[in-house]
Amino acid sequence: MHPLLRANRNTVWGGLIVESLVRCGLKRAIISPGSRSTPITLAFALDDRVECTPILDERSAAFFALGCAKLTGEPTALVCTSGTAAANYLPAVIEAHYSGTPLIVLTADRPPELRDCGAGQTIDQVKIFGDYVHYYHELCLPPMSKQLNDRHAYLVRTITHAYSIAKLHEPGPIHLNVPFRDPLAPIEGPLGGPFPAINKSRLPLSKPFATVSNPLNADDLPFADRDDLLVVAGPPNEFLSKENALAAVRLCAKFGWPLLADTASSLRGFAREHECIVGTYDSLLRDPIRRQDLRPGALLLLGQLPTSKVLRSFLQENLKLPAWHLGSNPLNVNAGYHAVETVSVQAQDLIIDDGERKDLTEYASLWHKAENAERRRLNKALTACNHLFEGRLSDLLARTLPAKTPVFVASSMPIRDFEYFWPVNRRAHHLVVNRGANGIDGTLSTAMGVAQSSKRSAVLVTGDLAFLHDKNGLLAADHLKGGLTVFLINNNGGGIFEHLPIADFDPPFEEFFATPQSVDFAKLANAHNLEYHCPKSWDQVTALAKKLPKNGVRIIELKTDRKADSVLRKSILNAS
């Protein structure tokens, strides 16, 4: 333990918290400045085994941490001081809950005697996140004694238990409330110090779990003999590793099943592994004749419900079919209320014999033929859009971005355009979304977290309102270790609302729903010393997308016509 951490009981406590987390496998912490959290912040800052990033705004910090954890599947720690600082974590904690993203939330707090008495920067932090965290515990105050005692062992065991829940038992956020009395800085005080070095061999410091595989042969799955099975992969309900994604595709290829892949699943990038991955289902299923011809005899669901409302309504029409859900999730993701049987195994844990692949089932061949025809039609329609039609951007990026690029897609219109137009391909891009709660909160900060934890330059595709909603995220640009290119679709308002019935009622539509803005993004970029481009043609967009910067934030603003694009989008999708 660093000599500074032996100054008093609080710094020893902070040191043991960090040591326990590191022993569990923690590699990254996002820290917002504050006084009450000094012992924890100090311990993280002095530990070179942890990558620590300071972010001023707690709301941005929480989404930054969320992005880090979403890309890697590894827990990220969040540290803040007492008071309303913790309240700013709530939107990101909610998203982490619904998406199964592991966060270790450490909120410093005042001791009990300073609560409910008007003391500054003090609110009721006990269970402040309610049921959105998968584990809550308020740590006891650091012990008075300078000698090792059972409270040190209690601390280590509690941290280890909390980490194991976040990472393994019920992936998602956990909350530890950590009260401290003064002194908070590494100085000797009336409560003791300096402390002797702690004999860590006497503490239960160990990894919280061992990985044990229990493989199941894919041929033994209860639906393995179905030739009329439709596989639907929605956004992941917890971290989806490349190995697990690839295994899901290989499973479908082995039995010749059609795989309808939500863009957020990243499975559209594995066309090399399976010839019947379908990406055009949204426009296909708008045709009532095709909708009837493509009805399945059984369903296999992966992840959450799909983004596409058209596909969700198609599933709703088939409620009475036999249905299975592959994987495990403590949350009920069955908003369609199917009689779904859960098969609690991950695809990567299945024994899949690639040497015994079947040809496409007759049912899958119907989807394969329809997909190819619909893709040709969409390609022709998008290629004809010489102006900067916002719907074409996703198609261009899928074909242009370097292979395996992490792409964070904002909610509202961007993710829907990705659903409509992102093609099935072989480039294995890693798509990341905040589709747990489907909000636009923290869009920029989450994308910066993705870039921070990635070994590749990352991309964000966002609308103007989602970007501005989180523009405080730019304050962390100087601390970003990696490159982020922002494709900013500026259609002067909320494009998603153009597709809702309220769009026919103006006023009040334009002022209260579309909410147009007049921000000069070139000046905003300049204020933060960021690279900025405003391309006028698709050739210029292509050139910028082909070469991504390794460091820093770059903003590429595409100025589009919201109302004209809404009309064109509807025309393209409903023409099938």
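Only one item in [x] 3, 13, 18, 18, 16, 12, 8, 6, 4, 2, 1, 0, 0; [y] 3, 10, 10, 10, 8, 8, 8, 8, 7, 6, 6, 5, 4, 3, 3, 2, 1, 0, 0; [z] 3, 17, 25, 24, 17, 9, 4, 1, 0 matches P(r) over Cα pairs in 10 Å bins from 0, in percent derived from the coordinates shown, and that item is [z]. When the residues His528, His387 are ordered by accessible surface, computed with a 1.4 Å probe over the protein chains alone, the sequence from largest down reads His387, His528.
If the segment from Glu51 to Asp225 were pulled out straight at 0.36 nm per residue, it would be longer than the present Cα-Cα gap by 57.8 nm. Can you give me the relative contact order of the chain as a percent, contacts being Cα pairs under 8 Å and 6 or more apart? It comes to 14 percent, rounded to a whole number.
For Asp504, the accessible surface of its heavy atoms amounts to roughly 130 Å² (probe 1.4 Å, protein chains only, rounded to the nearest 10). Surface composition of the chain: carbon and sulfur atoms hold 51% of the protein heavy-atom accessible area at a 1.4 Å probe. Computed with every protein chain present, the accessible area of Arg416 is close to 60 Å² [probe 1.4 Å].
For the residue pairs Lys380/Lys481; Lys523/Lys563; Lys200/Lys242; Lys207/Lys404, the alpha carbons lie more than 29 Å apart in Lys380/Lys481; Lys200/Lys242; Lys207/Lys404.
Summed over the residues of the chain and divided among them, the accessible surface reaches 40 Å² per residue at a probe radius of 1.4 Å.
Per-residue surface analysis assigns Asp219 an accessible area of about 70 Å², computed on protein heavy atoms at 1.4 Å probe radius. Ranked by the mean number of other Cβ atoms within 10 Å per residue, highest first, peptides 319-325, 460-466, 511-517 order as 460-466, 319-325, 511-517. The Rg/Rh ratio for segment 409-524, using Cα coordinates for both the radius of gyration and the Kirkwood hydrodynamic radius, is 1.00.
The values are calculated or read from the model by the stated rules, or taken from the named source; none is laboratory data. Nothing here was measured: the structure is a model prediction, and the numbers come from that model. Neighbour counts run over all protein chains shown; Cβ positions are idealised from the backbone, glycine included. Note: accessible area is taken over every heavy atom of the protein model, side chains too, but ligands, DNA and RNA are not part of it. Shrake-Rupley method; radii C 1.70, N 1.55, O 1.52, S 1.80 Å.
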